[in-house]
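Engineer: The structure is given below, and queries will be raised subsequently.
Derivation of every value follows stated rules applied to the coordinates shown; laboratory data play no part. Just so it is clear, the structure is predicted and the values come from calculations on it, not from any experiment. Using ideal geometry, Cβ is built from the backbone for each residue, glycine included, and neighbour counts are taken over all protein chains shown.
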Amino acid sequence: MQEQESRTTSYATLAAGPDFRHELEIKRSRFITVLRRADSEEAARDLVAGLRREFHDARHHCSAFVLGPDRDIQRSNDDGEPSGTAGLPMLEAILKRETVPGVTDLSDVSAIVARYFGGILLGAGGLVRAYSESVSAALERATLVRRRRLRICEASVPHSAAGRLENDLRAAGFVMAETSYTDQHTVLRMAIPDDPADLSAATERMLSFTAGTVELIAGGTEWIDVPLP
């Protein structure tokens with residue numbers, strides 16, 4: 001669905017893996033931020049539900065999430081804090097996070113802040129700063145990747161030649177997708193920018209590495225994680 005509806009070909013997101021957690025203490029209140037990569041509203045809301053159970057004794061479970069390559073799904077919830085003092089500052093922290101200098105394209109991110117009240121009122125301004133800082137500090141420490149929509153191309157090679165060829169392709173800077181196997185062959189999958197010039201260059205490189213014996217077959221596009229530059 002994303003490929004059909006969006007012209008975006010690249011955006012930043014959290015690295016796949018376990019939730020990322022970070023805690024701040026501000027005037028005796030504990031602010032526990034949990035970040036999760038989520039590609040649907042259902043996944044984002046599952047995080048909220050799970051943390052309500054885990055931090056069942058926290059006074060507030062405020063949330064914000066941004067979804068989609070175009071960041072067209074944005075939600076936030078103050079969960080009992082004064083209106084506009086929690087969810088919205090959290091949302092803005094995600095939207096304003098620079099993933100490279102001058103670029104704010106972070107998406108598919110769900111953030112929850114569980115607050116344990118410390119007995120000292122922070123006031124509206126203090127709450128805005130606390131929730132914003134909590135998410136910003138967590139994002140600064142989290143591992144981010146770039147998610148790119150790339151053309152997947154396949155090359156079938158004998159099992160005995162696959163390891164060396166894959167190493168050569170990686171050394172040449174190609175992004176490798178998931179490998180598959182048949183009885184006689186290893187199917188290497190390369191993720192290439194969806195551009196005729198890049199596809200032509202990859203085809204020539206494959207022919208060069210294999211003395212013209214292996215054909216590169218272009219398939220569809222997929223979203224692939226690559227390291228941030």
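Engineer: Among the residues of region 16-23, is there at least one that is among the hydrophobic types (A, V, I, L, M, F, W, C) and touching a residue at least 12 places away in the same chain (Cβ under 8 Å)? Walk me through it before giving the result.
Structural biologist: Narrowing region 16-23 to residues among the hydrophobic types (A, V, I, L, M, F, W, C): 16, 20.
Retained after the next criterion (residues that are touching a residue at least 12 places away in the same chain (Cβ under 8 Å)): 16, 20.
Yes, region 16-23 has at least one match.
Engineer: State whether the residues of region 154-162 include one that is of a type in the set (D, E, K, R) and outside any strand (DSSP E or B). Write out each step before concluding.
Structural biologist: Filtering region 154-162 for residues of a type in the set (D, E, K, R) gives 154.
Then keep just the ones that are outside any strand (DSSP E or B); that gives none.
No, region 154-162 contains no residue that is of a type in the set (D, E, K, R) and outside any strand (DSSP E or B).
For every residue, the table says whether it meets (1) buried (at least 16 other Cβ atoms within 10 Å of the Cβ); (2) of a type outside the set (Ser, Thr, Tyr).
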position: GLU81; (1), (2): yes, yes
position: MET90; (1), (2): yes, yes
position: PRO101; (1), (2): no, yes
position: ASP105; (1), (2): yes, yes
position: ASP108; (1), (2): yes, yes
position: TYR116; (1), (2): yes, no
position: VAL128; (1), (2): yes, yes
position: ARG146; (1), (2): yes, yes
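Engineer: In region 31-75, which residues are surrounded by fewer than 17 Cβ atoms within 10 Å (Cβ to Cβ) and among the basic types (Lys, Arg)?
Structural biologist: ARG45, ARG52, ARG53, ARG59, ARG75
Engineer: OK, next. For ILE192, state whether it is of a type in the set (Val, Ile, Thr) and under 20 Å from the mean Cα position of the chain (by Cα).
Structural biologist: Details: of a type in the set (Val, Ile, Thr): yes; under 20 Å from the mean Cα position of the chain (by Cα): yes.
So ILE192 fits the description; yes.
Engineer: Still on this structure, please answer the following. For residues that are of a type outside the set (Phe, Trp, Tyr) and assigned to a strand (DSSP E or B), scanning just region 163-187, find the one that is surrounded by the most Cβ atoms within 10 Å (Cβ to Cβ). Talk me through it step by step, then tell me what you get.
Structural biologist: Step one: filter region 163-187 for residues of a type outside the set (Phe, Trp, Tyr), giving 163-173, 175-180, 182-187.
Okay, now just the ones that are also assigned to a strand (DSSP E or B), so 175-176, 180, 185-187.
On the way: VAL175: 17, MET176: 13, SER180: 12, HIS185: 16, THR186: 19, VAL187: 15.
So, considering only residues that are of a type outside the set (Phe, Trp, Tyr) and assigned to a strand (DSSP E or B), the one surrounded by the most Cβ atoms within 10 Å (Cβ to Cβ) is THR186.
Engineer: Now for a separate question. Please return the ranges of strands (runs of 3 or more DSSP E) entirely within region 26-139 where 1 or more residues are in contact (Cβ under 8 Å) with a residue 12 or more places away in the chain and farther than 30 Å from TRP223 by Cα.
Structural biologist: Working: elements: 29-37, 60-67, 73-77, 109-116.
The strands (runs of 3 or more DSSP E) meeting that bar are 29-37, 60-67, 109-116.
Engineer: For region 1-25, give me each residue that is among the charged types (D, E, K, R) and part of a strand (DSSP E or B).
Structural biologist: ARG21, GLU23, GLU25, listed by residue number.
Engineer: A further question on this structure: Consider THR85 carefully, then state whether it is surrounded by 15 or more Cβ atoms within 10 Å (Cβ to Cβ) and within 19 Å of ARG30 (Cα to Cα). If you could, list the steps in order and put the result at the bottom.
Structural biologist: Working: surrounded by 15 or more Cβ atoms within 10 Å (Cβ to Cβ): yes; within 19 Å of ARG30 (Cα to Cα): yes.
In short, yes.
Engineer: Shifting gears a bit: Please give the number of the condition SER136 fails out of (1) touching a helix residue (DSSP H, G or I) at 6+ places or on another chain (Cβ under 9 Å); (2) under 30 Å from ALA211 (Cβ atoms); (3) among the polar types (S, T, N, Q).
Structural biologist: Here SER136 clears every test but (2).
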